[in-house]
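Worksheet: one structure, shown below.
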Amino acid sequence: MEIISNCTQDDIKKAAKALKHGHLVAFPTETVYGLGADATNEQAVGRIYSVKSRPSDHPLIVHFSSIHQLDNWAIDIPEYAMKLATQFWPGPMTLVLKRSELAKNFITGNQDSIGVRVPSHPVALALLSEFKKLGGLGVAAPSANRFGAVSPTSASEVAEELGKAFAVNDLILDGGRSVIGIESTIIDCTKKTPNVLRPGFISIEMIEEASGIKSNLNLNTSKVRSSGQFSSHYSPLARVVLDQTPEAGEGFLAMATIETPVGAIRLGSPCSTAEFASIMYSVLRLADQQGLKKICVIQPLGSGLALAIRDRLKKAAFG
Ligand code: TXA
Ligand code: MG
């Protein structure tokens, strides 16, 4: 496995070729780092599952560089979904649509729907468009972490998480820290109205405004298998406790306006909700690196991104 920093166009071409040859390429997106494989290559996709230790019936998101590639993967696309795609792609939003013939069971976990996304990170977009030039149709990419663990937001975190499981020809593209820091908003567009399966940077309010339709937050009622919907997920080794005052020696994450209780180990002081999201996962990793047993997090209030942060924290704190 090789980590490529300061990705040049030649590096991107090399990575696109690696994907075409069936190797894995971890790459930055604006949300979190993804672990990519050619979405039409069953063997390559199989390696994603083994490297992550992910159960094989959990569907993957297919990434491509332009909205024009949507028709390859999805059929019967509702008008409101096209409005969302036009408004928010490239960007931190995944649409779940009725799948085409191209979307095989090894991508969809045997479901009749497919998750698709056009990410906005320049390295991701460059990789996906080079892959397209080579005849590639899409790149399947879950977050580049072991199943159930915290998503990585930097290349070094990917190497820490998965380095040992990578093969010699696999690559990690280093595109700096993921700016948003939590995974894309997932919207089920297989029904008459949009259903948010996983909240993220693209909020319900933004979805309603762009689609002109009232949408639902349907986190735990959907029948589709969505690993982010498990009650326990995104978990560090340290026990995460919400909205409690830490004892001396325990980790503490809260907005900068909240003072550190005596003896607690301050792990982060974000000044905004956006900064909270962008540092949250590395803070959880930091707690593990420091060998802390417990981290107390004071959750940010409000809707939009704060709601997505609380969704992830609830799962990190479960069990
Ligand atoms: O921001 C993101 O979405 C990142 C970056 C790399 O794009 N990817 C990501 O992938 O978070 P993953 O596999 O870690 O989480 C995707 C979630 C999973 O919970 C999966 O079950 C769900 O999306 N999903 C994928 N296809 C689906 C489908 N057809 N129906 C319902 N849920 C689906
Ligand atoms: Mg994930």
Kirkwood-Stokes translational diffusion coefficient of segment 262-319, alpha-carbon pairs, 4 °C, 1.567 mPa s, µm²/s: 107 µm²/s
Paired Rg and Dmax values of segment 59-126, which use every Cα atom, in angstrom: 11.4, 32
Within segment 91-106, backbone nitrogen closer than 15 Å to the virtual label 7 Å beyond the Cα of residue 75 toward Cβ: 97-105
Inter-probe distance in nm under a simple model that places probes 7 Å from Cα toward Cβ, at residue 98 and residue 245: 5.8 nm
For the chain, share of DSSP beta bridges that run antiparallel, in % to the nearest 5: 40 percent
Choice from 52, 294, 83 with maximal GNM fluctuation in the chain (Cα, 10 Å cutoff): 83
Nearest-ten-degree value, helix 305-317 long axis tilted from longest Cα axis of the chain: 70 degrees
Over the chain: helical MRE at 222 nm, DSSP H runs n ≥ 4 each giving -39500 (n - 2.57), nearest 500: -9000 deg cm²/dmol
For segment 1-145: accessible area per residue (Å², 1.4 Å): 38 Å²
Distance in nm between pseudo-label sites at residue 13 and residue 66 (7 Å out along the Cβ direction from Cα): 2.0 nm
Per-selection Kirkwood Rh - the chain (Cα, Å, 1 d.p.): 19.7 Å
Degrees, to the nearest 10: 42-52 long Cα axis against longest axis of the chain: 10 degrees
0 to 90° range, to nearest 10: angle between helix 122-133 axis and the chain longest Cα axis: 20 degrees
For segment 22-143, the fraction of alpha-carbon pairs in successive 5 Å shells from zero, as %: 2, 12, 24, 25, 22, 11, 3, 0
Equivalent ellipsoid, segment 91-134 (semi-axes from 5 times Cα gyration tensor eigenvalues, Å): 23, 14, 7
At R0 = 22 Å, FRET efficiency that the Cβ-Cβ distance of residue 237 and residue 177 yields, to 0.05: 0.50
Only Lys, Arg (+1) and Asp, Glu (-1) charged, at Cβ; the chain dipole about Cα centre in debye: 580 debye
Inter-site label distance for residue 260 and residue 133 at 7 Å from Cα along Cβ, in nm: 4.9 nm
Contour excess over end-to-end distance, with Cα ends at residue 294 and residue 160 and 0.36 nm allotted per residue: 46.1 nm
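The values are calculated or read from the model by the stated rules, or taken from the named source; none is laboratory data. Keep in mind it's a predicted model, so treat the numbers as computed, not measured. All Cβ positions, even for glycine, are placed from backbone atoms using ideal geometry, and neighbour counts span all protein chains on display. The protein model used for the area step is the full one, side chains on, heavy atoms only, and it has no ligands, DNA or RNA in it. Shrake-Rupley method; radii C 1.70, N 1.55, O 1.52, S 1.80 Å.
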